Amino acid sequence: MKLLKSYGVTLFVTTVGTFGALLITSMIAFSLSIKKLKYRNVLAFISNFTIIFSAGLIPWYMVSVNYYGLKNSILALILPSIFSVWNMFLMRTYFASISPSLYEAAEMDGANYFTIYVKIALPLSKTALLTVGLMYALQYWNDWWHALIFINERDLFPLQYFLYNILSNVNAISSGRIPSGASGNITLPAETVKMAITVITIGPIIFLYPYIQKYFVHGIMAGAVKE
């Protein structure tokens with residue numbers, strides 16, 4: 001029952017986090033791909049700066065808990081990974097490769113940039129969206145670090161952290177790091193447990209990847225206007 005609950009938490013976090021991350025990442029990437037955007041290079045520099053330098057783990061934890069209230073919250077499993085600068089630059093490069101004549105024609109017809117983003121940029125960027133979306137989905141699906149830091153309630157344990165606890169307990173019993181006589185003479189199949197955990201964790205991703213793979217065969221610029 002607890003395993004199914006952890007599965008549900010992970011599915012919810014992966015689904016909501018991936019869609020939210022794609023929305024935020026694609027909107028920022030599209031904005032920075034517009035050459036008319038004021039302070040475009042400054043915003044790109046600030047984004048790139050965060051890749052090279054960071055405040056550190058302790059200040060990040062204090063801000064997340066004291067100001068954002070992420071302790072023992074489902075949002076603690078979603079918000080910290082909802083934006084990746086590297087994925088944003090990847091999508092910005094893709095948006096920049098779309099023919100500017102499409103945007104100019106839409107502007108002449110009275111479309112604003114949000115309309116261009118929804119009706120032109122996104123439909124022509126399915127390959128980039130699926131690629132980045134798969135990266136975000138794998139990131140959320142495999143994440144156990146944020147649960148280790150922020151989550152104490154067992155009902156909010158994601159699948160990876162729940163199985164990590166099981167494997168840790170099995171290793172602790174097998175290695176004898178528990179009080180003498182607590183486990184008797186029981187020999188636990190640690191390797192078998194590892195293999196079972198591997199199958200449980202990678203199963204859904206194995207079924208997801210072939211579905212996304214079929215979109216890659218159309219090529220990077222399938223359907224786009226070429227000048």
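The values are calculated or read from the model by the stated rules, or taken from the named source; none is laboratory data. Predicted model, so just to flag it, every value in this text is computed and none were measured. For neighbour counting, all protein chains shown are included, and Cβ atoms are generated from backbone atoms with ideal geometry for every residue, glycine included. Ligands, DNA and RNA are stripped out before the accessible areas are found, and what is left, the full protein with its side chains, is counted by its heavy atoms. Shrake-Rupley method; radii C 1.70, N 1.55, O 1.52, S 1.80 Å.
Across segment 1-124, the relative contact order, built from alpha-carbon pairs under 8 Å that are at least six residues apart, equals 40 percent. The residues packed around Leu22, meaning those with a beta-carbon under 15 Å from its beta-carbon, carry a net charge of +2 if Lys and Arg are +1 and Asp and Glu are -1.
Projecting label points 7 angstrom from Cα along Cα→Cβ for Leu148 and Ile58 puts them 1.9 nm apart. Using the Cβ atoms and a cut-off under 14 Å, what net charge is assigned to the surroundings of Ser6, where Lys and Arg are +1 and Asp and Glu are -1? My count for the surroundings of Ser6 gives 0.
Take each peptide in 80-86, 38-44, count the other Cβ atoms within 10 Å of every residue, and average; sorted highest first, the result is 80-86, 38-44. Calculated accessible area for segment 1-142 comes out at 58 Å² per residue, all protein chains present (probe 1.4 Å; ligands, DNA, RNA ignored). Here the spin labels are modelled as points 7 Å beyond Cα on the Cα-Cβ line, and at Thr115 and Phe49 they lie 3.6 nm apart.
Can you give the net charge of the other residues whose Cβ lies under 11 Å from the Cβ of Leu159, counting K and R as +1 and D and E as -1?
Overall, the nearby charge balance is +1.
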